[in-house]
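Here is the structure we will look at, set down as structure tokens.
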Number of protein chains: 2
Amino acid sequence: MAKAKRTLKWQRDPEGMRLRILEAAKQEFSAHGLAGARVDRIAAKAGANKRMLYYHVGNKDELYLAVLEGAYDKIRSEERGLDLEHLDPPEAIRRLIEFTWNYFLRNPEFLSLLQTENLARAKHLKKSTKVKSMHSPFVEMIRTVVRRGVDSGDFQVAVDPVQLYISIAALSFFYLSNSATLSVIFGRDLLDKKAKDERLAHMVGLVLAALTGRSAELFKIGKAPTSRAAVVQTV
Amino acid sequence: MAKAKRTLKWQRDPEGMRLRILEAAKQEFSAHGLAGARVDRIAAKAGANKRMLYYHVGNKDELYLAVLEGAYDKIRSEERGLDLEHLDPPEAIRRLIEFTWNYFLRNPEFLSLLQTENLARAKHLKKSTKVKSMHSPFVEMIRTVVRRGVDSGDFQVAVDPVQLYISIAALSFFYLSNSATLSVIFGRDLLDKKAKDERLAHMVGLVLAALTGRSAELFKIGKAPTSRAAVVQTV
DNA sequence: GGAGAAATTAACCCGTTGGATAAATACTGT
DNA sequence: ACAGTATTTATCCAACGGGTTAATTTCTCC
């Protein structure tokens, strides 16, 4: 009680608290799934009292949905910055594949969250009003690229943009989200540097070859193939 | 105590019991994940006393691993019956894609189990000695097909069989295992008859086009494309 | 400088759940 | 027919986990 101002036991910081809670929840839900996640651990990780979760966000399910919405928001927002409109169509597709791959690599929690939500048959996502509206602009962006590619003669097929995007996402998503079991059953580490480089090359080659019909050139690692002898490579 | 043999309260059936337990466990784990699965529900579904799970298989984790091993065993065993060795290479690849797609459609629990195990970073699978040995014959089967395709000139690239199989599995797996969230965000039902037919055609077209370099012919729905005008189709 | 609101902590509640113990019942071989 | 073993049922319980209640502390504005 002297002149020294007594140290506070805690400070108020509602916005910061909410962010720390959501970040901690993202970690916890992606690491353990919905049922495996522990509310107490989220609180501890956020440096908060458990009560704070309910005060600032809601119960476990609401917390989970908030995390999920935030995750979709983040990837779609980054995708908008890709600026595919101004690229050569094949180059645009290549960039989309590379972005998707790298985004999944940089954000493994996103993959886990989607897996978890799909195990729940999208029960929570269906309640979200925000998420549905995020995606039509994205589909239109791809549709435009495909159309331009067809018109220019670069692409031989007018593929459905949704189908194409699902395939692009699939090639990266499955490889990464299932890398644990795949590494075990195939007995090789799919996440080391070399394997990852090869995977990216394989995916780009696969999709662009299918679209343009020029498989040998795209797949090749060394020089162009001779007439009947194929390029032997490990991608 | 008359002559009528008193009705038994229960009968012995160790083998049948074990099978019913594993089947019930498969249902439960695939429907709710590892943490979400309830031991009591498995017992009830198997028409068994909870104690039986521990008596015949083991604790929750051991039960889960047994289910997982059984699932891998089943798909690899069916794959062995594909007899790809005696088919034209492009036809062999088509058949592998179609089999994979249909197997995943017929066995949705398999997809869920893999997702669950990957969320656990293959913690359980790593302990399995059986599973690792199941896969090398399968990889060799694909390697042979690719080599034959390259030799015959059907395929323009000697793709790595593991990489190829992962891509084939990915295209089906992601579409089906994530159909719940994808259907929500893209606003269309990806599991209705038409959508499924289109997906299969898309996948076969994508992979065979990339391997053979003849995308337009493979993708086409109607007649062959003219020189620069692409085939417009929704696959 | 103090009253009222906002933010946070502390402590508790209570149904659930994986797992264990012990007793009962059905088989099997002799 | 009966002893011994394999299989199954009936209970129990301690820990856990989501959520709640109530008290405490900090901040804001007059």
Could you tell me which numbered condition A:SER215 fails, if it satisfies all but one of (1) at pLDDT below 95; (2) more than 7 Å from chain B (Cβ to nearest Cβ); (3) touching a Leu at 6+ places or on another chain (Cβ under 9 Å)? (2)
Identify, by number, the condition in (1) more than 10 Å from DNA strand C (Cβ to nearest atom); (2) crowded, with 20+ Cβ neighbours inside 10 Å; (3) away from chain A (no Cβ under 14 Å) that B:PHE29 doesn't meet. (3)
Please tell me if A:GLY222 is more than 8 Å from every other protein chain (Cβ to nearest Cβ) and at pLDDT below 95. yes
Evaluation of B:ALA66 against (1) more than 14 Å from chain A (Cβ to nearest Cβ); (2) of a type outside the set (Asp, Glu); (3) over 22 Å from A:SER179 (Cα atoms); (4) crowded, with 19+ Cβ neighbours inside 10 Å (one fails), failing number: (3)
Among all residue pairs at least 6 apart or on different chains, which show Cβ distances below 8 Å where the first residue, located in the stretch B:31-47, is touching a residue at least 24 places away in the same chain (Cβ under 8 Å) and the second is charged (D, E, K, R) and crowded, with 20+ Cβ neighbours inside 10 Å? B:ALA37/B:GLU28
Total residues in the stretch B:32-45, condition under 22 Å from B:ARG12 (Cβ atoms) and within 12 Å of DNA strand C (Cβ to nearest atom): 3
Of the numbered conditions (1) surrounded by fewer than 21 Cβ atoms within 10 Å (Cβ to Cβ); (2) at pLDDT 95 or above; (3) hydrophobic (A, V, I, L, M, F, W, C); (4) farther than 30 Å from B:HIS135 by Cβ, A:VAL145 satisfies every one except a single condition; which is it? (1)
Those residues of the stretch B:125-140 which are buried (at least 18 other Cβ atoms within 10 Å of the Cβ), without any contact (Cβ under 8 Å) to a residue 60 or more places away in the chain and among the hydrophobic types (A, V, I, L, M, F, W, C) amount to none
Take B:PHE173 and decide whether it is in the same structural domain as B:SER112 (by TED's automatic domain parsing), under 13 Å from B:THR100 (Cβ atoms) and among the hydrophobic types (A, V, I, L, M, F, W, C). yes
When the residues of the stretch A:123-154 are filtered to those that are assigned to a loop (DSSP other than H, G, I, E, B) and facing chain B (nearest Cβ under 9 Å), which remaining residue is farthest from A:GLY70 (Cα to Cα)? A:GLY153
Kindly indicate whether B:ALA230 is modelled with pLDDT under 95 and at the interface with chain A (Cβ under 8 Å from one of its Cβ atoms). yes
Look at the stretch B:186-200 and say how many of its residues are of a type in the set (Gly, Ala, Ser) and within 8 Å of chain A (Cβ to nearest Cβ). 1
I want to confirm something. Restricting to the stretch A:163-185 and keeping residues that are touching a residue at least 24 places away in the same chain (Cβ under 8 Å) and within 7 Å of chain B (Cβ to nearest Cβ), which single residue is nearest to A:GLU109 (Cα to Cα)? A:SER177
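Residue-wise test of (1) more than 13 Å from DNA strand C (Cβ to nearest atom); (2) loosely packed, with under 15 Cβ neighbours inside 10 Å; (3) assigned to a helix (DSSP H, G or I); (4) within 14 Å of chain A (Cβ to nearest Cβ).
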{"residue": "B:ARG12", "(1), (2), (3), (4)": "no, yes, no, no"}
{"residue": "B:GLU15", "(1), (2), (3), (4)": "no, yes, yes, no"}
{"residue": "B:ARG18", "(1), (2), (3), (4)": "yes, no, yes, no"}
{"residue": "B:GLY47", "(1), (2), (3), (4)": "yes, yes, no, no"}
{"residue": "B:GLY58", "(1), (2), (3), (4)": "no, yes, no, no"}
{"residue": "B:GLU85", "(1), (2), (3), (4)": "yes, yes, yes, no"}
{"residue": "B:THR100", "(1), (2), (3), (4)": "yes, no, yes, yes"}
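The values are calculated or read from the model by the stated rules, or taken from the named source; none is laboratory data. Remember, predicted model here, so these are calculated numbers, not experimental data. With ideal geometry, Cβ positions are generated from the backbone for all residues, glycine too; neighbour counts draw on all protein chains shown.
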